[in-house]
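Undergrad: I have a structure I would like to understand better, so I am pasting it below and will then ask my questions one at a time.
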Amino acid sequence: MNTDTKRHIDSARQVLVGVVPNPTSQIDQITNALIYKFMDDMDQAAIKAGGSPSFFVDDLENYAWTRLMDQRIGNQERMNLYSEALIKFSQAKQLPELFRGIFKSAFLPYRSPETLGLFLKEIDYFDYSHPEELGNAYEYLLSIMSSQGDAGQFRTPRHIIDFIVDVVNPTKADKVLDPACGTGGFLVSSYKHILEQHDGKDDPKKKEKPLTPDERKKLMTNFEGYDIDPTMVRIAQVNMYLHQFKNPKIFQYDSLSSEERWNDKFDVILANPPFMSPKGGIKPHSKFSIPSSRSEVLFVDYIMNHLRPKGRAGIIVPEGIIFQSGTAHKQLRKNLVEDGLYAVVSLPSGVFAPYSGVKTSILLFNNELAKTSTEILFVKIEQDGFDLGATKRPISKNDLPTALDILNKWNTGEKVENKLAVYVEKSKIAENGDYNLSGDRYRVATDYTNAKWPMVELVEVAEILKGSAITKKDTKHGNIPVIAGGQEPAYYHNKSNREGDVITVSASGAYAGFVNYFTIPIFASDCSTIQTKDENIVSTRYLFSILKAKQEDIYEFQQGGGQPHVYPKDLKTIKIPLPPLEIQEQIVAELDGYAGIIAGAKQIAQNWKPKIEIDPEWEKVKLGEISDRVTKGTTPTTNGFQFQESGINFIKIESIDDGGYFIREKLAHINQECNESLKRSQLKENDILFSIAGALGRVASIESSILPANTNQALAIISPKKELDSKYLEQVLRSDLIQNQIFGLKVGVAQSNLSLAQVSDFEIPLPSLEIKNKS
């Protein structure tokens, strides 16, 4: 996409933002104006070719775009014409049904003639004679809206869409479906993928054959999309239209409750269906293989039922599908293992940030391959080419190309030995009847205890540098973490002095010697940094694994009384084993696996009690109605206080792990005076903490062993009413029910946030006392 196109899209949005602040509504306004303009473009092209116009004729003649933009009329008259035209378009018989549908609910939501004039001037730049550029422009518009947060609930990151499409590899002969199509991203990416198979580029063996006119015509009928939301249907139709689909087959259709299209079968199905089930659950028809009211279970079941005998599919699912112990989930996994599933790709939890921290995986189906193989491939993606925080900055680490190569070769029956991949016999997955689809469960550790590798000093293989001191008052507003003497960033700056993939060792204070690792750019201040001199000899990630294993030894380097220090010279002589690079990668992969297994074990321990299936008939009440308080804390520095070396526990998000355990070494501390000044957020036994900033939805219960304690504004404090079992509430807050409610909310931009009002509005199912006490 050229820079002028990007600039005009940005300018159109900037004109609208003051009068149409909602990003989805901005898409509507830009869509309406673009289609208006393109109808006139097509009329003008027909006239130039010696033909007649077909859109702006009869009662629409006076509303042609060329007349609308005539410099001789004023903005008030222009606004009157534009408003009248939007109404007439939905009823004009000379317009194709697609366009009439797009304008069916169109209206101008503001009454500023000057704003409309500026907006239409930006739209006037676009010309239908450059359709590929228009398609790119519309995709760019959708991507901008998703990064703004409001549209995030309906968009899958483009690079994840392209990865899944490349793995599934749709061809010109395939009939393709997305049963929850949103903006049509999977369909457009599939179409582009097929065109690339026939463009003759990157084809040294000249195997690619150009598509014939008949093949192109047939191709345009091979894509279908369904969505329950009419707004999404309209946006997907326009997206397809701008990619040359004159009659896009995008239908408003409830894939789970409607039966009209149940008998339709497809060669390829691609989807990122909604994770959230509505109040009362889904009420599906009776044709599904598995009785369930859970949308994610039903969508996977739907896809399995709608693939042709040689069909292929890729679907994004929440982690509940992978290991949850409910009857429907286990039966679904059994069906997957026995029928069609050939690979599971685990995605990092930040892929959908900032909209949700929900962990997701990709289920890959190939009915032919699955019938001939006794194994399922598990691939673990740790880096997807982007920083996994809210800002989504591109980074150099990207496991997707390697994963694609592993999966493509597995499709031909070839195994690739790689730290990302593990191949597991279906019989092993079925052993205990749980059919767990978490790849980490099946990773086998290698015994290195008898290996003899050379020992080298750290300074021989790594560059060890001192940071550059910067005080908080010298920083400028930005999102680059400043790494100083503690375990967490001291503050933030707008510049970096290390570009990521770097080890830091805190230089002073109580945590002098604390070893950390950053994949993102940082500003190294009161710390030392360590990076390999040559990644082909020793990887920085491996060095971090070794240094972290020696954490207690490095703390022993502390010198000085009141303000301990660890100096770069102390680090230089640390002895490091130097195995071959291949072994280094295996060690790092296994250590990362252990971390995942430990976290998983904690989660299992935290949730050892039986899960209860939510009955749609249970009463649902808002969290605020069954709580004595839903509040949050304050940072002590706001009240003029500083953190202490010891004292009353002060809990931050990083003090709580994913299983709800408190990480003692990551607790901060305040004195009694500070605690008294923060009375609102003083914690009591049986209070529940729920993270509302950053990693949303992390839950921890307050027990007497952690008291006295206080917390900050990133954690909501929920005090259940006495008649409600706090352990039951904790379990519900940790469940998919709440995580999916979070996913459906429209959260923040630079950092995801939930308001206390949104937390208070969470819907909590209330079973009978007997059932509640079993939970």
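Undergrad: Would you point out which residue out of Arg78, Arg72 is free of Cβ contacts under 8 Å to residues at least 40 places away in the same chain and out of contact with any Ser or Thr (no Cβ under 9 Å at 6 or more places or on another chain)?
TA: Step by step, each of Arg78, Arg72 is checked, and only Arg72 is free of Cβ contacts under 8 Å to residues at least 40 places away in the same chain and out of contact with any Ser or Thr (no Cβ under 9 Å at 6 or more places or on another chain).
Undergrad: When you scan segment 234-250, do you find a residue that is in contact (Cβ under 8 Å) with a residue 40 or more places away in the chain, on the phi > 0 side of the Ramachandran plot and surrounded by fewer than 18 Cβ atoms within 10 Å (Cβ to Cβ), even just one?
TA: Yes, because at least one residue in segment 234-250 is in contact (Cβ under 8 Å) with a residue 40 or more places away in the chain, on the phi > 0 side of the Ramachandran plot and surrounded by fewer than 18 Cβ atoms within 10 Å (Cβ to Cβ).
Undergrad: Of the conditions (1) crowded, with 16+ Cβ neighbours inside 10 Å; (2) modelled with pLDDT of 90 or more; (3) of a type in the set (D, E, K, R), Lys48 fails just one. Which one is it?
TA: (1)
Undergrad: On to the next question. Can you tell me which residues in segment 638-674 are under 22 Å from Glu703 (Cβ atoms), charged (D, E, K, R) and in contact (Cβ under 8 Å) with a residue 40 or more places away in the chain?
TA: From segment 638-674, those under 22 Å from Glu703 (Cβ atoms) are 646-670, 672; that's our starting set.
Retained after the next criterion (residues that are charged (D, E, K, R)): 652, 654, 657-658, 664-666.
Residues satisfying the conditions are Lys652, Glu654, Asp657, Asp658, Glu665, Lys666.
Undergrad: Tally up the residues in segment 81-113 that are in contact (Cβ under 8 Å) with a residue 40 or more places away in the chain, out of contact with any Phe, Trp or Tyr (no Cβ under 9 Å at 6 or more places or on another chain) and among the aromatic types (Phe, Trp, Tyr), please.
TA: 1
Undergrad: What residue, among those in segment 260-306 that are in contact with a Lys or Arg (Cβ under 7 Å, 6 or more places away or on another chain) and modelled with pLDDT of 90 or more, is farthest from Phe365 (Cα to Cα)?
TA: Trp262
Undergrad: Further, regarding this structure: Looking at segment 661-761, what strands (runs of 3 or more DSSP E) fall wholly within it and have at least 2 residues that are of a type outside the set (A, V, I, L, M, F, W, C) and either modelled with pLDDT of 90 or more or touching a helix residue (DSSP H, G or I) at 6+ places or on another chain (Cβ under 6 Å) (or both)?
TA: On the way: elements: 668-670, 688-691, 699-701, 709-711, 715-720.
It comes to 709-711, 715-720.
Undergrad: Has segment 622-633 got at least one residue that is within 19 Å of Gly697 (Cα to Cα) and modelled with pLDDT under 90? Lay out the reasoning, then the answer.
TA: Of segment 622-633, the ones within 19 Å of Gly697 (Cα to Cα) are 622-624, 626-627, 629-633.
Now drop any that are not modelled with pLDDT under 90, which leaves 633.
Yes; the residues of segment 622-633 include at least one that is within 19 Å of Gly697 (Cα to Cα) and modelled with pLDDT under 90.
Undergrad: Please work out which residue is modelled with the lowest pLDDT, limiting yourself to segment 208-228 and to residues that are in a loop (DSSP other than H, G, I, E, B) and surrounded by 15 or more Cβ atoms within 10 Å (Cβ to Cβ). Before you say what the answer is, go through the steps one by one.
TA: Restricting attention to segment 208-228, the residues satisfying the condition of being in a loop (DSSP other than H, G, I, E, B) are 208-212, 220-222, 228.
If we keep only those that are surrounded by 15 or more Cβ atoms within 10 Å (Cβ to Cβ) as well, we get 211, 220, 222, 228.
Values: Leu211: 91, Met220: 94, Asn222: 97, Ile228: 88.
Among those residues, the one meeting the criterion is Ile228.
Undergrad: Go through the residues of segment 597-605 one by one and say whether even a single one is more than 25 Å from the chain's Cα centre (by Cα), at pLDDT below 90, surrounded by fewer than 16 Cβ atoms within 10 Å (Cβ to Cβ) and not assigned by TED's automatic domain parsing to the domain that holds Ala549.
TA: Filtering segment 597-605 for residues more than 25 Å from the chain's Cα centre (by Cα) gives 605.
Of the ones still in play, those that are also at pLDDT below 90 are 605.
From the residues that got through so far, the ones that are surrounded by fewer than 16 Cβ atoms within 10 Å (Cβ to Cβ) too are 605.
Next, only the ones that are not assigned by TED's automatic domain parsing to the domain that holds Ala549 stay: 605.
Checked segment 597-605: at least one residue is more than 25 Å from the chain's Cα centre (by Cα), at pLDDT below 90, surrounded by fewer than 16 Cβ atoms within 10 Å (Cβ to Cβ) and not assigned by TED's automatic domain parsing to the domain that holds Ala549.
Undergrad: Now a separate question. Scan segment 484-497 and tell me whether some residue there is under 30 Å from Gly326 (Cα atoms) and either acidic (Asp, Glu) or not in a helix (DSSP H, G or I) (or both).
TA: Taking segment 484-497 first, the residues under 30 Å from Gly326 (Cα atoms) are none.
Looking through segment 484-497, none of the residues is under 30 Å from Gly326 (Cα atoms) and either acidic (Asp, Glu) or not in a helix (DSSP H, G or I) (or both).
Undergrad: Would you point out the residue of segment 646-660, among those that are modelled with pLDDT of 85 or more and over 11 Å from Ala695 (Cα atoms), that is surrounded by the fewest Cβ atoms within 10 Å (Cβ to Cβ)?
TA: The initial filter retains those residues of segment 646-660 that are modelled with pLDDT of 85 or more, namely 648-653, 655-656.
This time we only want the ones that are over 11 Å from Ala695 (Cα atoms), so: 648-652, 655.
Values: Ile648: 21, Asn649: 20, Phe650: 23, Ile651: 26, Lys652: 18, Ser655: 22.
The residue in question is Lys652.
Undergrad: If you don't mind, there's one more thing I want to ask. Scan segment 162-177 for residues that are in contact (Cβ under 8 Å) with a residue 40 or more places away in the chain and within 23 Å of the chain's Cα centre (by Cα) and jot them down.
TA: Phe163, Ile164, Val165, Asp166, Val167, Val168, Asn169, Leu177
Undergrad: Let me ask you something else. Please verify whether segment 272-294 includes one or more residues that are closer than 25 Å to Asp174 by Cα, of a type in the set (A, V, I, L, M, F, W, C) and crowded, with 22+ Cβ neighbours inside 10 Å.
TA: There is no residue in segment 272-294 that is closer than 25 Å to Asp174 by Cα, of a type in the set (A, V, I, L, M, F, W, C) and crowded, with 22+ Cβ neighbours inside 10 Å.
Undergrad: Could you grab me the full set of residues in segment 71-130 that are part of a loop (DSSP other than H, G, I, E, B) and among the hydroxyl-bearing types (Ser, Thr, Tyr)? Talk me through it step by step, then tell me what you get.
TA: If we filter segment 71-130 for residues that are part of a loop (DSSP other than H, G, I, E, B), which is where we start, we get 71-74, 90-96, 103-112, 124-130.
Ser90, Ser105, Tyr110, Ser112, Tyr125, Tyr128, Ser129, listed by residue number.
The values are calculated or read from the model by the stated rules, or taken from the named source; none is laboratory data. Because the structure is a prediction, the values reported are computed rather than measured. Cβ sites come from the backbone with ideal geometry, for glycine too, and all protein chains shown count toward neighbours.
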